[in-house]
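Quick notes on the structure that follows.
Just so it is clear, none of the values below were taken in a lab; they were calculated from the coordinates. Everything quoted here is computed from the prediction, not taken from an experiment. Because the Cβ atoms are built from the backbone with ideal geometry, glycine has one as well, and the counts that use them run over all protein chains shown.
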2 protein chains.
Amino acid sequence: MRTRCGPPSRAGCLTCRDDRFRHWDNEWLIGEGRALDPARWFVIVPNMLGNGLSSSPSNTPAPDSGPSFPPIRVTDNVEAQHRLVTEVFGLERLALVLGWSMGAGQTYQWAVSHPEMVERMLPFCGSPRTAPHNRVFLDSLRAALTASAGFDGGRYGVPPDRGLRAFARIYAGWGFSQAFYWDECWRELGYTSLEDFVVGFWEGFFLDGRDPNNLLTMLDTWWHGDVGATPGFDSTEQALASIRARAIVMPAEKDLYFPPEDEAWAVSHMGGGAELRVIPGVWGHFAGGGAPGRAPDNADTTFIDAAAAELLAGPSGI
Amino acid sequence: MRTRCGPPSRAGCLTCRDDRFRHWDNEWLIGEGRALDPARWFVIVPNMLGNGLSSSPSNTPAPDSGPSFPPIRVTDNVEAQHRLVTEVFGLERLALVLGWSMGAGQTYQWAVSHPEMVERMLPFCGSPRTAPHNRVFLDSLRAALTASAGFDGGRYGVPPDRGLRAFARIYAGWGFSQAFYWDECWRELGYTSLEDFVVGFWEGFFLDGRDPNNLLTMLDTWWHGDVGATPGFDSTEQALASIRARAIVMPAEKDLYFPPEDEAWAVSHMGGGAELRVIPGVWGHFAGGGAPGRAPDNADTTFIDAAAAELLAGPSGI
């Protein structure tokens, strides 16, 4: 659940979990020679509620199991993480909070909910408020999965294989850019044809023990994300203005569901002297995903890592 | 099936049918004061094979009905249209061939298959070869519909309502741009909320008598679109180079499945002095769709109409 190395007296670095779902999927950004070097920083990687490792529809006993699992909001994740960080680890400050995708949403939420704790933040390929178009995309995933034969209102015995494949194929169109596919960048991940990539990378990901009710719980969390809903704030803009952390906000140039203009809007409202720094290139949402099979020193990872190093070397916002 | 007005001795204007599927959906581009003025031009609007009006899975008797309907290629549509135009109407030349989306694909195919007939062409929001990313999107539609409860391998008694809704919701994310949703441009179409729009516009469209097997037939036509597969050519580039028609190629700035860079590539290979002219704005694929409820003189329609008028006033490419 957590990578714990280095002197625990230092402020921690919190790497929020994202929609790749499990803590080990974040290891691409952590290690010797990286900004998040465990020899230097106390790195914490919590798992999201609903991801199958934290409390989830698939591992919660009746009567809250499966489709009866309660709805989870971004603030629920952040408050659980806050308790972990303060009550278990006894930390008062976080040197850096960062995360990809839904992890970026949690990063924004941390900076709004606990401004006195977050010194720096680096949300990448994610947003403080789920955009309307993003909700349309999420609704399409939900519609396909819940309409599939065998889903049975979430009370399936065996997860509906074809519904999960449809879910994967919808994601395939959104997760990487048009140019990624045109340029056949999937070859860099070791695939030999487009269909090989869609089956191996996408279907393989969603058929690898994912539980549909878990997916729908996280999807619902994502759908409702909005720092403006934090108690004490009347709007997203007002919540963003309250941020004190030093921030580098990093959307990816061709991210199809978190387009750079949305984060430009967010930065224009943020306190703390936030900087917008777009990750260039064609990898779309997965510019920030450390896609399995990609070379560890690829341009996108190097770009994000450099920003994290720069932030950590610079002053705190609080 | 056809709008027939004006002196039949004039060269016809062929408006290829697109993935809005039915001839009357093209009327927004035709009329007094428009480039396609029936008082001046003999305007022909054929229906695509598989659209439920032309031969389709839904209206073909056994043994070729439903899922047994044969696969249709873009060339099948163009050859049927060629027979209509030459054998029924006795035309030797077409002053202009134009079309949206799959209609744009047919426009390219006309210019490649019958270069001696096509004087001018105006493909908008469509491509000469279905891009890999576009195929990923199409595969997601197919996966969701065929996985849905009640689809039953295409041998459904009643079309699967929830599968069609999922199909509609996937389309909803692709048909308009992220910025369209952010700016709530659906208000221009008379809707009062995002959900109202998705249900009314998208689900309404796909539940309005669409037959799943018909949708899959057209989807398969689209998936395989490539002028490079025309007999006599070895590649898409070679086929494009053979085009003689005067062309204005009009992708939409924020079309998510026919992005402008793809058409820039096509134009770079086209013969005939083709011009790339991007439709500006946030309406995405529906910049070229004459979306129901939109003001007739909206900026996108005016922009396309002006290009058609300019082409028709200028010289023929043959």
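Quick look at the values:
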item	result
For A:Gly225, distant residues with modelled amide H under 5 Å away	A:Thr130
Degrees separating the helix B:260-269 axis from the principal Cα axis of chain B, which is the longest one	40
Loop-located GluC sites (Glu not before Pro) in the stretch A:15-103, at most 12 other Cβ atoms within 10 Å (DSSP)	A:Glu32, A:Glu92
Charge dipole (chain B, unit charges on Cβ, about Cα centre) - positive-most of B:Ala287, B:Ala143, B:Val74	B:Val74
FRET E, pair B:Ala264, A:Glu261, Förster distance 25 Å, beta-carbon r, rounded to 0.05	0.70
Long-range HN-HN contacts of B:Gly99 with modeled amide H, under 5 Å	B:Cys16, B:Leu122, B:Phe124
Cubic angstrom per residue, convex hull over Cα atoms of the protein assembly as shown	152
Using a 7 Å Cα-to-Cβ projection, B:Gly153 label spacings across copies, nm, ascending	2.9
Helix A:132-147 vs. chain A, principal-axis angle (Cα, 0 to 90°, nearest 10)	40
Range of Cα positions in chain A per principal axis (Å), largest first	53, 48, 37
Distances in nm from B:Pro292 to the matching label points in the other copies, shortest first (labels 7 Å along Cα to Cβ)	4.4
Exercise: per-residue mean of other protein chain Cβ atoms within 10 Å, A:100-110	0
Long-range amide H partners of A:Phe42 with built H, under 5 Å	A:Cys13
Value of Rg to Rh for the stretch A:67-174 (Rh from inverse mean 1/r over Cα pairs, i.e. Kirkwood)	1.08
HN-Hα J in Hz across the stretch B:280-295 - Karplus 6.51, -1.76, 1.60, θ = phi - 60°, x for Gly and Pro	x, x, 9, 7, x, 4, 7, 4, x, x, x, 3, x, x, 7, 4
Globularity index of the stretch A:21-87, i.e. its alpha-carbon radius of gyration over 2.2 N^0.38 Å	1.36
Sorted peptide list for A:96-109, A:152-165, criterion being average Cβ within 10 angstrom, highest first	A:96-109, A:152-165
Viscosity 1.306 mPa s, 10 °C: Kirkwood-radius Stokes-Einstein D of the stretch A:177-310 over Cα pairs, µm²/s	93
Label distances, nm, B:Ser316 versus same residue in remaining copies, Cβ-directed 7 Å point	7.9
The stretch B:134-219: Rg to Rh, with Rh as the Kirkwood radius over Cα pairs	1.01
Angle between chain A longest axis and helix A:102-113 axis [Cα atoms, degrees, rounded to 10]	40
